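To start, the structure under review is shown below, and the notes come after it.
The values are calculated or read from the model by the stated rules, or taken from the named source; none is laboratory data. As the structure is a computational prediction, the values presented were derived from the model and not from experiment. Cβ placement follows ideal geometry from the backbone for every residue including glycine, while neighbour counts extend to all protein chains displayed. What goes into the accessible areas is simple: the full protein's heavy atoms, side chains included, and nothing from ligands, DNA or RNA. Shrake-Rupley method; radii C 1.70, N 1.55, O 1.52, S 1.80 Å.
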Amino acid sequence: APIILKYYIAKQTSRMSHPSTTIRPFADAKPLSIRIWHWATALFFSVSIITVSINEFILDGRTQIQAVNNAAQEKGVTLDRDQTRAIVRTFREPIWELHKYAGFGISILLLWRMFIEFRSVKNNRLAFKLKAAFNRKQKVEGTALEQNHFSMVQAGYLIFYVLIVLMACTGLILAFEEVPFFKSIHDPAKETHELLQWAFYTYAVIHIGGVVWSDSKLYNGLVSKMIHGKQ
């Protein structure tokens, strides 16, 4: 009994001096699973952005149709609209296929992120950090600037995950457009998907800028810890 009592007192003392609700913003490196997920997601999104950029700006449909028509006319060949579109499609379709597979990769990574969230210890869970950021009953260490910065970062994460879920869902609707129900909502899904990409581009720019600023001003070594887990 005395041993049990000593253990209980020691445990309660430890909890009082290091409450489980205390958050130390960006003090520790992310778990390996999160770091791998982060860079894999960045890779797939990069592929997605590059493929869209190629087809929208380099292989722009209207520009390519005009170029094919001009080249055909120089050779004395007249192509109708369907023939021209078919030729242009041979250049653009492989790029869209790569974009689609990148989308599949992002969707799989999203499911993996959910699995990581459920398997993580409490203090590493996004839900716990969101609650800490917006519930002042949970103490966030640091100055007022650091606490507000932590809250803004967590709000940014929430926005990111909402965007990635919506992009994945609308992208899958477009990828499986032959499904009768998906075909009926193809147009609004496409418009939403295209609109969301601009929101994501904006987020990506703010995120990268914010990380660079944080690494140089508040949390030196932040990027290093995200790469290899060490400062």
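Brief remarks follow.
- Mean Cα-pair separation over length for the chain, i.e. relative contact order, pairs under 8 Å, 6 or more apart, %: 25 percent
- A cut-off of 5 Å between modelled amide H atoms, ignoring neighbours fewer than 5 places along the same chain, links Val140 with Ile23.
- Accessible surface computed residue by residue for the chain, with neighbouring protein chains in place and a 1.4 Å probe, gives 67 Å² per residue.
- Evaluating 6.51 cos²θ - 1.76 cosθ + 1.60 at θ = phi - 60° for every residue in segment 159-167, the Karplus couplings come out as 4, 4, 5, 5, 4, 5, 5, 5, 5 Hz, glycine and proline recorded as x.
- You can think of it this way: the chain between Ala199 and Phe181 has 3.8 nm of extra reach, that is 0.36 nm per residue less the Cα-Cα gap.
- Cα→Cβ-extended label distance, 7 Å offset, between His228 and Phe134, nm: 3.8 nm
- Under a model in which nothing but the beta-carbon of Lys, Arg (+1) and Asp, Glu (-1) is charged, the chain shows a dipole of about 1640 debye around its Cα centre.
- Each label was represented as a point 7 Å from its Cα along the Cα-to-Cβ direction; for His207 and Phe57 these points are 2.0 nm apart.
- Between helix 2-17 and the chain: long-axis angle, C-alpha atoms, 0 to 90°, nearest 10: 50 degrees
- Summarising the label geometry, the points placed 7 Å from Cα in the beta-carbon direction at Leu32 and Arg85 lie 5.2 nm from one another.
- Here the 3J(HN,Hα) profile of segment 57-73, calculated from phi with Karplus coefficients 6.51, -1.76 and 1.60 at θ = phi - 60°, is 10, 8, 9, 3, x, 5, 5, 5, 4, 5, 5, 5, 4, 5, 5, 5, 5 Hz, Gly and Pro shown as x.
- Here the accessible area of the chain is 66 percent carbon and sulfur, with a 1.4 angstrom probe and all protein chains present.
- Pairs from the list Lys131/Lys190; Lys122/Lys190; Lys30/Lys131; Lys30/Lys100; Lys129/Lys217; Lys100/Lys122 with a Cα-Cα gap above 26 Å: Lys131/Lys190; Lys122/Lys190; Lys30/Lys100; Lys100/Lys122.
- Placing a label point 7 Å from the Cα of Val121 along the Cα-to-Cβ direction, the residues of segment 30-50 whose backbone N falls under 15 Å from that point are 30-34.
- With one equal scatterer per alpha carbon and no solvent term, the Debye-computed log10 I(q)/I(0) for segment 76-125 at 0.26, 0.27, 0.28, 0.33 1/Å reads -0.91, -0.94, -0.96, -1.07.
- For segment 75-89, putting each phi into the Karplus relation 6.51 cos²θ - 1.76 cosθ + 1.60 with θ = phi - 60° gives couplings of 8, x, 10, 10, 10, 7, 4, 5, 5, 5, 4, 5, 5, 5, 4 Hz, in residue order, rounded to whole numbers and with x for Gly and Pro.
- Highest-first packing order for the peptide set 156-169, 54-67 is 156-169, 54-67, based on the mean count of other beta carbon atoms within 10 Å.
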